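Every read-out reported here was derived from the displayed coordinates using simple, explicitly stated rules and does not represent laboratory data. A quick note: this is a predicted structure, and the numbers were derived from the prediction, not measured. Positions of Cβ are generated from backbone atoms using ideal geometry, with glycine treated the same way; all protein chains shown enter the neighbour counts.
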Amino acid sequence: MRVLVAGATGFVGRRLVPALDRAGHDVVAMTRHPDTYDGPGSPVYGDVHDAESLPPALDGVEAAYYLVHSLDSDDFVRRDAEAATAFGVAAAASGLQRIVYLGGLGDDADDLSDHLRSRRQVEGLLGGGGVPVTTLRAGIVVGHGGISWEITRQLVEHLPAMVTPRWVSTRTQPIAVDDVIRYLVGVLTLPAGTDRPYEIGGPEVLEYVTMMRRVAAIEGRRPVIVPVPLLSPGLSARWLSLVTDVDARAGRSLVDSMVNEVVVHDDAIRTVVPFEPLGYDDAVRRALAERAEEAEV
């Protein structure tokens, strides 16, 4: 299948493109800088915030992955909505058979953060032109370079003792980035008519504080973690910006989402793309090993 990956050079995209290539697909890597792209597949210029660039990028494509977000912008809700609308219209005009989108977990009945509500909105807007959309909804993705994972790792490594916000007691269902890639590749060739949201996660439901303690144990650290219920999201985001190198605006958006429980309630994906996901500790070890390998290069 000839398939385009929007966001081909991002955290997930740079892993997905080689996986699709290994699976025998003809991959088109959409990027704003095709002249410097050095991965597998064929690079093509495209920018989801430039609607006129999308029809040429999508020409001859049968399906597309949408892995783009604007969390580093103060106006990410509007920007992501406009980009998803433009992409959905262009996909329909190009005759695509399917769009695959990586979104976020979270109960629609909950008071979702702007970030998670935006992810839901993008799901609908991508399909606004009539192209079927398969969404994979994930919580924390554990892998070297992922923003949520970097927050966890850097907090553990930078602070021997930390006063933490109330969100450290929120439950989430982390998943290894390698397993996210397996699901993304697997849903591409599902039968027509099966397009829907699927919830994906690893085998364990954990509080953020438990995740941090287990990362610390793997690294041989023993940080003191003291939750403070009254630490506001704003102060929490500023605190993160002081002790991690995560973009402050993206960090604030993620902090706002950390009050929402993000766990799998519908495991239908385990039937349509069957395999056993990695446990949290193994996912952490892989992420740390990848970081160490990159540092040696």
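Quick check on the exposure proxy: order Phe11, Phe87 from fewest to most C-beta atoms within 10 angstrom.
Listed from fewest to most nearby Cβ atoms, that is Phe11, Phe87.
Would you mind computing, in nm to one decimal, how far apart the modelled labels at Ala161 and Val209 are, each placed 7 Å from Cα along Cα→Cβ?
About 1.6 nm separates the two model spin labels.
Tell me which of Ala217, Leu288, His49 sits at the most positive position along the dipole axis of the chain, charges placed on C-beta atoms (Lys, Arg +1; Asp, Glu -1).
About the Cα centre, the residue reaching furthest to the positive side is Ala217.
Hey, in the GNM for the chain with a 10 angstrom Cα cutoff, which one of Val226, Val44, Val12 fluctuates hardest?
So, out of Val226, Val44, Val12, the one fluctuating most is Val226.
Scan around Tyr198 for amide H atoms under 5 Å from its own, H built in the peptide plane at 1.01 Å from N, and keep only partners 5 or more places away or cross-chain.
Distant-sequence amide H within range of Tyr198: Thr135, Leu136, Arg137.
Report the equivalent ellipsoid semi-axes for the stretch 84-159 in whole Å, largest first, defined as the square roots of five times the eigenvalues of the gyration tensor built from alpha carbon atoms.
30, 15, 9
Around Glu207, which amide H atoms from residues at least 5 apart in sequence, or from another chain, sit under 5 Å from its own amide H, with H modelled in the peptide plane?
Placed amide hydrogens put Thr172 under 5 Å from Glu207.
With Kirkwood's inverse mean 1/r over C-alpha pairs for Rh, give me the Rg to Rh ratio of the stretch 1-149, two decimals please.
The Rg/Rh ratio comes out at 0.94.
When the scattering of the chain is computed by the Debye formula from its Cα atoms alone, each counted once and equally, what is log10 I(q)/I(0) at q = 0.07, 0.15 Å⁻¹?
-0.26, -1.21
Given the stretch 1-48, what whole percent of its Cα pairs are spread farther than 12 Å?
Roughly 52 percent, rounded to a whole number.
For Glu52 and Ala23, what does the FRET efficiency come to when R0 = 30 Å and r is the distance between their Cβ atoms, rounded to the nearest 0.05? Please list the in-between numbers first.
Working: r = 31 Å, r/R0 = 1.04.
Calculated transfer efficiency: 0.45.
Out of the DSSP beta bridges found with both residues in the chain, what percent are antiparallel (nearest 5)?
Rounded to the nearest five, the antiparallel share is 5 percent.
Provide the three semi-axes, in whole Å and in decreasing order, of the ellipsoid equivalent to the stretch 1-85 as defined by the square roots of 5 times the Cα gyration tensor eigenvalues.
For the stretch 1-85, the ellipsoid semi-axes come out as 22, 14, 11 Å.
Treat the count of other C-beta atoms within 10 Å as a stand-in for reagent exposure and order Leu188, Leu67 from fewest to most.
Leu188, Leu67
As a footprinting exposure proxy, order Thr36, Thr31 by other Cβ within 10 Å, with the fewest listed first.
Result, fewest neighbours first: Thr36, Thr31.
Using a simple spin-label model with points 7 Å from Cα along the Cα→Cβ vector, what separation in nm is obtained for Asp111 and Arg14?
If labels sit at Asp111 and Arg14, their model points lie 3.8 nm apart.
Which percent, to the nearest 5, of DSSP beta bridges fully inside the stretch 46-188 are antiparallel?
Details: 0 of 12 bridges.
The answer is about 0 percent antiparallel.
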